[in-house]
Amino acid sequence: MNERDGRTDEGLLLRVAGAEHVAADIRMLRLRRADGGGLPPFVPGSHVVVDCGDRRNAYSLTGDGIEPEEYTISVLRCPGGDGGSVFLHGIEVGDVLRVSGPRSAFPPAASAHHHLLVAGGIGITPMLSHVRAARQWGRSFRLYYAHRPGAGAHVAELRRLCGDRLREYTGRADLTRAVRAELRASPLGTHLYACGPGEMLDDVRAGAAEAGWLADRVHVERFSAAELDPGAPFTVTLARSGTRVSVPSGVSLLEALEKAGTPVPNMCRQGVCGECRVSVVRGRPLHRDLYLSEAERAAADTVMCCVSRCLDQELELDL
Ligand code: FES
């Protein structure tokens, strides 16, 4: 174990030091090292992957990433989901969770002159660390937040942190109308960060495109991979051995590789964490993850093998 930050090869073992509801159905967990030591720092927009029984789910870190003594995550209870959120709503103070080290997939752009943050519902969680860092470093920002009346998470805290830089809405249509107006008026050098329900993200992206924003100024984080179709079968060739592996419909590339004796490091298995990235030698990946940027997708030289597939019948990987 790394004495300084408690990290092991399997991640971090963290004790639940506190738990409270920050909105109806949203529970905030405070996670600390059992020995009281510090935790790895993280950049705004980072997440951790938490072992939730037989599932691993990604959750945004909502606190301050500089020399953190604890990690905080806020979990929306989804009774019809995969069971991870129900598991985390059931654990108690004192329980121990296995948590990955922090991963950054949604950081602020260093070159941005202004940060336009847009959140819907539980999509507010990555924005909390963005707001904290923007205040700390004196960055220009504005936050648009849509939540159902009485169901918004961290609202009082955000009002205190943001002051008049917070715009609140109780409906998606009002939010996207206001955001579209701001997108048309924003000066060059503004970067957009959006997290929330898929339809809201699609609206915001469309507004940015209509206003002439370049894709590299638009940063979107989705909660998890949408329900994915089983996909067409294809064959993958492992370049280093020449082995050919069939990937049937309904079986992920990651599962097919594991079955063929070529395991790939992975964590979330939902296209979120970035752990299962593999280099592509030949063929066109069908990207279905939530991790790669638009530029990385267009380059087509890597694939997240837990969810992504192939546009053709053949894919060759650097394995
Ligand atoms: S295992 Fe997390 S993106 Fe594939």
Checklist entry - Hey, what's the chain come to in accessible area per residue, 1.4 Å probe, Å²? => result 47 Å²
Checklist entry - Within segment 122-142, whose backbone N sits under 14 Å from a point 7 Å along Cα→Cβ of HIS113? => result 140-141
Next on the checklist: Taking 8 Å as the Cα distance limit and 6 or more residues as the minimum spacing, I'd like the relative contact order of segment 141-221 as a percentage.
Outcome noted: 28 percent
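Would you rank SER104, SER252 by solvent-accessible area, highest first, keeping every protein chain in place and using a 1.4 Å probe?
On the way: SER104 50, SER252 25 Å².
If we order SER104, SER252 from most to least accessible, we get SER104, SER252.
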Checklist entry - Taking the simple approach of a point 7 Å from Cα along Cα-to-Cβ for both GLU20 and VAL251, what is their distance in nm? => result 5.0 nm
Checklist entry - So, in nm, how far is label SER104 from label ASP174 when the simple model puts each one 7 Å beyond its Cα toward the Cβ? => result 3.6 nm
Next on the checklist: Probe radius 1.4 Å, ligands and nucleic acids left out: which of VAL236, VAL280 has the largest accessible area, and how do the rest follow?
Outcome noted: VAL280, VAL236
Checklist outcome for this item: Percent relative contact order for the chain, counting Cα pairs under 8 Å at least six residues apart, stands at 13 percent
Checklist entry - What's the extension gain from ALA299 to LEU214 if we count 0.36 nm per residue and subtract their Cα-Cα distance? => result 28.9 nm
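Carbon-plus-sulfur fraction of the accessible area of the chain, 1.4 Å probe, in percent?
48 percent
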Checklist entry - For VAL220, which sequence-distant residues (separation of 5 or more, or a different chain) have an amide H within less than 5 Å of its own amide H, given hydrogens modelled in the peptide plane? => result ALA194
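For the chain, just say rounded, prolate or oblate: build the C-alpha gyration tensor, square-root its eigenvalues into a ≥ b ≥ c, call rounded for a/c under 1.5, and beyond that prolate if a/b exceeds b/c, oblate if not.
Values: a/c = 1.80, a/b = 1.24, b/c = 1.45.
Oblate shape, in that a/c is at least 1.5 and b/c is the bigger or equal ratio.
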Checklist entry - Taking amide H positions as placed 1.01 Å from N in the peptide plane, with prolines and chain starts having none, which residues 5 or more places from ALA19, or on another chain, fall under 5 Å of its amide H? => result ARG30
Checklist entry - Long-range amide H contacts for PHE234: which residues qualify at under 5 Å (H placed 1.01 Å from N, peptide plane, sequence gap of 5 or more or a different chain)? => result VAL247
Checklist entry - Out of PRO197, PRO102, PRO265, any idea which swings most in a Gaussian network model of the chain, alpha carbons joined below 10 Å? => result PRO265
Next on the checklist: So if I take the centroid of the Cα atoms in segment 192-254 and the same for segment 42-99, what is the distance between those two points in Å?
Outcome noted: 23 Å
Next on the checklist: Roughly how far apart, in whole Å, are the Cα centres of segment 282-319 and segment 119-164?
Outcome noted: 34 Å
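The values are calculated or read from the model by the stated rules, or taken from the named source; none is laboratory data. From a predicted model like this one, the values you see are computed outputs, not experimental measurements. Reconstructed Cβ throughout: ideal geometry from the backbone, glycine too, with neighbour counts over all protein chains shown. Just so you know, the surface numbers come from the protein's heavy atoms only, side chains and all, with ligands and any DNA or RNA stripped out. Shrake-Rupley method; radii C 1.70, N 1.55, O 1.52, S 1.80 Å.
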